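Note sheet for the following structure.
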Amino acid sequence: MVKNRLEISSDQLKAELIEIKERIGSLETIATISNKVIVEQHVRGLLKSKQAKQIMKECSVPRTREYLMTTLKFNNPPALDYHLGPLRENNLIHQHFDEDGRIQTFECSKLFRQLTKKAQKEILEGSE
């Protein structure tokens, strides 16, 4: 009996992953544009705490876990994870790894970045 072997190069996998990420980004853009009011309400409802707003502000550019812990004065990784978890689960923050898989960064999702600058500012600087 001969078994079929499937060989996939890492370049093929990377290309597929990039394509998937681009498609997801496109869907996020469409969702934000099509449902602007609903998306804003959703984001406002999720960003009630001071810590969540601070994380979102910092993650307007990619930030490492260590940077966030130091800058926002979290004493340990679980304390940061407590606030990152809901943001990630609700697609407001995306987690990325470098090519080696060693450096982990967090960045605001396209869903959030597609909101107007005015809406972002009102949400992040508004009272709790």
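Among residues that are over 15 Å from the mean Cα position of the chain (by Cα) and of a type outside the set (Ser, Thr, Tyr), Leu80 is not included.
In a residue-by-residue description of the stretch 54-75, the property of being of a type in the set (A, V, I, L, M), under 12 Å from the mean Cα position of the chain (by Cα) and at pLDDT below 85 applies to no position.
Taking helices (runs of 4 or more DSSP H) as the structural unit, those lying wholly within the stretch 41-128 and holding at least 3 residues that are loosely packed, with under 12 Cβ neighbours inside 10 Å and charged (D, E, K, R) correspond to 117-125. Checking Ser109, Ser49, Ser26, Ser34 one by one, the residue that is touching a residue at least 40 places away in the same chain (Cβ under 8 Å), out of contact with any strand residue (DSSP E or B) (no Cβ under 6 Å at 6 or more places or on another chain) and hydroxyl-bearing (Ser, Thr, Tyr) is Ser49 and no other. Evaluating Arg102 against the criteria (1) under 15 Å from Cys59 (Cα atoms); (2) modelled with pLDDT under 90 leaves one unmet condition, (1).
The values are calculated or read from the model by the stated rules, or taken from the named source; none is laboratory data. Remember, predicted model here, so these are calculated numbers, not experimental data. No Cβ is skipped: glycine too gets one built from the backbone with ideal geometry, and neighbour counts run over all protein chains shown.
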